[in-house]
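Read-outs throughout are calculated quantities, based only on the coordinates presented, and are distinct from any laboratory measurement. All of these numbers come straight from a predicted model, not from anything done at the bench. In this analysis, Cβ positions are derived from the backbone assuming ideal geometry, glycine residues included, and neighbour counts consider all displayed protein chains.
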Amino acid sequence: MSDTHAESVAYVRDTMLPETPPPAAETGVTKWMKQNLFATIPNSVLTVAAIVVIYFLLAATLPWILNGIWNATSIRECREILEGATGGCFAVLSDRWNQLLFGFKYPSTEYWRPALAFLLLFVAAAPVMFFKYLPRQLLLFTGVYPFLAFWLIWGGSIVPPLLLLLGFVAAYVAFKALEKRGFGVAALGGLGVLIVAIILAGSIGKIEVLRLEQVQSRDMGGFMLNMILGTVCVSLSIPIGIALALGRQSDMPIIKWICVVFIEFIRGVPLITLLFVANVVLAYFLPPGTTFDLIIRVIIMITAFASAYIAEVIRGGLAALPRGQYEAGDSLGLDYAQAMRLIILPQALKISIPGIVNVAVGLFKDTTLVSVISMFDLVGMIRGPILASTDWNGVYWELFGFAALLFFVVCYGVSQYSQWLERELNTDHR
Amino acid sequence: MKKSVFLGALTVAGLTAGAAAAATLDDVKARGTLNCGVTTGLVGFAAPDSNGNWDGFDVGVCRAVAAAVLGDPQAVEFVPTTGKTRFTALASGEIDMLARNTTWTFSRDVDLKFEFVGVNYYDGQGFMVPKELGVSSAKDLDGATVCIQTGTTTELNLADYFRKNSMNYEPVPIETNAEAQQQYLAGACDVYTTDASGLAATRAAFEDPSAHVLLPEIVSKEPLGPLVRHGDNEWGDVVRWTLNALIAAEELGVTSANIADMASAAGDSPEINRLLGTEGNLGEMLGLEADWAVKAISAGGNYGELFEKNIGETTPIGLARGLNAQWTDGGLLYSPPFR
């Protein structure tokens, strides 16, 4: 074959040409820019406009950030150091750092306690959040954590939280023992044991063991208060929301109407009204002299508010399931509780994740509303004591920027986790 | 207005509960601390410092009362209240007294069933303008744009004042003092109007305070003072006369520096002797120790000292005494005699 044209062709190339690099305009950064930034004329115009805007934004903010003053005792000292140059007065953050995080009344020798509770929060949350990758035994710590955190943050004797924990364990044991007789009976039995345990804990909880310095609820403040309200209310409102959503779909008219009225009433009232009720009006209904802990009042109100919203989100998830799933549960001979737990809820909750996270993030940000009922959360600390001090009156951007940053970090983290969780649970074949 | 009617109704409801525990003085003594309502933070008047200790002009009154009753100016539990929660906190008995730059008005005194025990700061609505505007009197403000907080009495006072002087103005409604500060500095309005003490504090936070002037005209009366619940006159007397003791001490030249000397033995002035308890039994009449006023004055100094330390001309806020000078110096401070 190769000889066929040996005479007719003067030259035949017998090796492959080496690969040449693509033209400069078709590779690397140039190509990417051409494709993504300057594909068409309108695109190019928009790109240039965007670059100009970004330039002006950076030109305005970068000197302010880089030139910032971190060491000063008052806004006037900041200005003296700056001598008219642009620069943020971040010294307020270093001066009032502990107040921003813990409020101004938390005893300064005890800051390690909420800090430790915060770190342990991750340890406790991890087994729930990454349930596929961590051993299930770690869930035991998650169960212990609320009581541990309560003891760490509020202090006092370890006995009451410990008794309460034992009460929950006893309730769980009772539940397991009665489970054969049906979910409802078992739940009622467990609840009964729990109430007995709470009463017991109240009566013999005076014993002093491992006492930490007690901190009053009204002394809580700063970002710690936002975190307490956020985590407690979110973790309480999800189970309550599920119960409400199921109750609203129930065939039993009384339960159904209780749930409907609760959800519609709470959703129809602004959160700030509920907070005022918790703070101001409840005091009139309680006997004089009783001080029903303000944080607990606020937690109840925010939880009720969030539960109503989460209930509606989950109801949406339940409604999205095909009827066949309910019928499948029935045809397998599962009772109501089993069908819900094993078939319906796992799917409905998966659909509801974006909605639940949406409510949770919104709720976390709404915790700043407590500043209007004179609780000193992060925003309350900034608006009240810090801006009202003669030293720092007038430092707005730095403080509110810092608050925004803290909230952004938490909310963005939650949002990223929820997206990861959605991918993780994505078992259907789309 | 609606809100205050609502709060008033609540207050009446609360009074039935509060009246049961009328003997506040005994309660405070038994408790060992004074529950004093203050603001959640107002420059110069009440704010916690970086160590969490409350400081300020209103705080000084709380500390003086605590010192008079309990002998310890630190024995105060400060309860921060907002403009919306302050009256219910007092009516429900959560606090024993309220020292939160609250204007003494008819309806608060009569309708809300409180008792204002005196005035610790005579405030009034004023105007602030940039110096470069070249305005020296509020009468020159015809046609100005004015930054004004909505829904407050300052809005009504402003309208009244301009109408009375047949001038026009253009309001720029704003929500908070912080917003006002930014708007005013950005030039969105020529004039910013609110209480004169607030104007001074706002100006103190400016980068160049000297570029702005407060106009001399004061267009409203805002007497700010501590208040207690109706119906417990003994307690009201304690707070009233503690405040009067601070004012009288300045008039009589008793300061925190010389009080130890003066109180050690009866001196030449009978009124000082009666005030400091070296003569007579005024303390006993109040149900307090004989040296109650000595302790109250030692807590933070007399009225003038408190003023100078927190809001006076040596502080960044730099308020002049003005109406708050002693009557002997042409001001309004006038304590009834200690006799």
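Data for the structure
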| read-out | value |
| --- | --- |
| Base-10 log of normalised Debye intensity for segment A:157-211 (one unit scatterer per alpha-carbon) at q = 0.18, 0.24 Å⁻¹ | -0.56, -0.79 |
| Residue A:249 versus residue A:58: modelled label distance in nm, points set 7 Å from Cα along the beta carbon direction | 5.1 |
| Rg/Rh (Cα only; Kirkwood hydrodynamic radius) as it applies to chain A | 1.13 |
| Distance between modelled label sites at residue A:31 and residue A:424, nm, 7 Å Cα→Cβ extension | 3.7 |
| 222 nm mean residue ellipticity, helices alone, for chain A (DSSP H n ≥ 4; -39,500 (n - 2.57); rounded to 500) | -21000 deg cm²/dmol |
| Cα-Cα pairs of segment B:295-339 separated by more than 12 Å (percent) | 65 |
| Directionally averaged shadow of segment B:125-220, computed from the convex hull of its alpha-carbon atoms, nm² | 5.2 |
| Set of aspartates and glutamates with alpha-carbon distance to residue A:365 below 18 Å, sequence-local pairs under 8 removed | A:377 |
| Beta bridges by DSSP in the protein assembly as shown, antiparallel share as percent, to the nearest 5 | 55 |
| Nearby lysines by direct alpha-carbon distance to residue B:139 (threshold 19 angstrom, same-chain neighbours under 8 apart not counted) | B:131, B:164, B:221 |
| Point-to-point label distance, residue B:268-residue A:131, nm (Cα→Cβ direction, 7 Å offset) | 8.8 |
| Listed residue (B:117, B:246, B:301) projecting farthest to the positive dipole end of chain B, Cβ model | B:117 |
| Range of Cα positions in chain B per principal axis (Å), largest first | 61, 48, 40 |
| Segment A:107-149: translational diffusion in µm²/s, Stokes-Einstein, Kirkwood Rh over Cα pairs, 4 °C, 1.567 mPa s | 118 |
| Averaged over B:34-47, number of beta-carbon atoms from partner chains that fall within 10 Å | 4 |
| Along each principal axis, Cα extent of segment A:215-430, largest first, Å | 72, 47, 30 |
| Within a Gaussian network of chain B (alpha carbon springs, distance under 10 Å), most fluctuating of B:30, B:180, B:201 | B:30 |
| Cβ charges +1 (Lys, Arg) and -1 (Asp, Glu), total dipole of the protein assembly as shown, debye | 2820 |
| Anchor residue A:132: lysines whose Cα lies under 16 Å away (excluding residues fewer than 8 positions away in-chain) | A:350 |
| Label-reachable residues, segment A:115-136, where backbone N falls under 15 Å from a point 7 Å from residue A:98's Cα toward its Cβ | A:115-116 |
| Between helix B:57-70 and chain B: long-axis angle, C-alpha atoms, 0 to 90°, nearest 10 | 10 |
| Candidates B:81, B:194, B:150, ranked by Gaussian network fluctuation over chain B, Cα under 10 Å, top entry | B:150 |
| GNM top mover of B:145, B:255, B:242 - chain B, alpha-carbon springs below 10 Å | B:145 |
| Share, in percent, of DSSP beta bridges within chain B that are antiparallel, nearest 5 | 55 |
| Chain A - Cys residues lacking any other Cys C-beta under 4.7 Å | A:233, A:259, A:411 |
| Length-normalised contact order for chain A - Cα pairs under 8 Å, 6+ apart - percent | 16 |
| Cα-based Rg / Dmax (Å) for the protein assembly as shown | 33.5, 141 |
| Kirkwood Rh in Å, taken over segment A:221-298 so that all alpha-carbon pairs contribute | 14.7 |
| Net charge, residue A:299 excluded, C-beta distance under 15 Å - Lys, Arg +1, Asp, Glu -1 | -1 |
| Size of electric dipole in segment A:215-430: Cβ of Lys, Arg +1 and of Asp, Glu -1, about Cα centre, debye, nearest 20 | 220 |
